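Below you'll find the structure, written out as structure tokens, and then a few comments.
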Amino acid sequence: MAAASSSVVRRVEELGDLAQAHIQQLSEAAGEDDHFLIRASAALEKLKFQCGEDKECSTPSNLLELYTQAILDMTYFEENKLVDEDFPEDSSQKVKELINFLSEPEILVKENNMHPKHCSLLGDELLECLSWRRGALLYMYCHSLTKRREWLTRKSSLLKKYLVDGISYLLQMLNFRCPIQLNEGVSFQDLDTAKLLSEGIFSDIHLLAMMYSGEMCYWGLKHCADQQPENHEMDTGVSGASYAAHKEPLDFREVGEKILKKYVFVCEGPLKEQEWNTTNAKQILNFFQHHTN
């Protein structure tokens, strides 16, 4: 275990140096100070200090958390730029680069034989955030691509890959935490909150992840229906009851229907007073119902 911890520290320090150099390049290219880049750089400076002079007081968990926070801020700056420019034609490499950055913390955990579901290096919230950000980035990128008819006629298979990856990240985000089991030993003052927790809905982001997943399934069925099915490692469950990944083709309609029905149920049930819009979800469900293979 000590060897694994030492390995994490060394690798995080190396990655921190690379990220700091990348931030420097971004700052110079931007020509002005940016709040997210400043915050990311400050986190990496603190990381560097703890890996050096303050090594005895630091832990792998603290170092990895600092690195993860820096990566989240740095990539957020770059994502905003892509969205503002509506993902230029040559965005695929940049999207891949951002996905790689956001995957590094989880890769570190796995490389040291610590399952991300149960490890103490990163808490559930950070792991959820990393999956959410990757899934949301691919959602926004795919949304832009679906508006490019000529591109779609040539590269629908590539769109399918982006969609499957994005859906997988979002479902992974929804599965990190298990739903709260309601029983006599658990008491809630608010029944609606209890219902949400029992469905595995812990925040507004969880609802957005459900809607994004359903919409990406719709794009997949609409634009990639002629593609041959491929095997992908993913969890097709909607709630956090099961985390095991299965190698099976992603059925856009099956996954989309399951998650959007749950979205509508939650929005028109426990969250009825919050006025979440279900119009688009219902239109997609209607499309699923009438679509024939």
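The values are calculated or read from the model by the stated rules, or taken from the named source; none is laboratory data. Just so we're clear, the structure is a prediction, and the values are computed from it rather than from any experiment. Cβ: placed from backbone, ideal geometry, glycine included. Neighbour counts: every protein chain shown. Calculation scope for accessible area: heavy atoms of the full protein, side chains included, ligands and nucleic acids excluded. Shrake-Rupley method; radii C 1.70, N 1.55, O 1.52, S 1.80 Å.
Pairs Lys110/Lys155; Lys81/Lys261; Lys46/Lys81; Lys48/Lys161; Lys96/Lys272; Lys46/Lys110: which exceed 29 Å Cα-Cα? Lys110/Lys155; Lys81/Lys261; Lys48/Lys161; Lys96/Lys272, as the Cα separations exceed 29 Å there. Taking 7 Å steps out from each Cα toward its Cβ at Gln93 and Ser7 produces label points 3.2 nm apart.
At a 1.4 Å probe radius, carbon and sulfur cover how many percent of the accessible area of segment 62-105?
Of all accessible area on segment 62-105, carbon and sulfur atoms account for 44 percent.
Among Asp86, Asp73, Asp204, Asp34, the order of accessible area from largest down is Asp204, Asp86, Asp34, Asp73, computed with a 1.4 Å probe on protein heavy atoms. If a/c stays under 1.5 just call it rounded; otherwise compare a/b with b/c (prolate if a/b is bigger, oblate if not). Do that for segment 16-139, with a ≥ b ≥ c from the square roots of the Cα gyration tensor eigenvalues. Because a/c hits 1.5 or more and a/b fails to exceed b/c, segment 16-139 counts as oblate.
The residues neighbouring Glu257, those whose beta-carbon lies less than 14 Å from its own, together hold a net charge of +2 under the Lys/Arg +1, Asp/Glu -1 convention.
Sorting Ser6, Ser58 by accessible area (1.4 Å probe), largest first, what list results? Provide the component values of the computation, followed by the final result.
Values: Ser6 50, Ser58 25 Å².
Largest accessible area first, the list is Ser6, Ser58.
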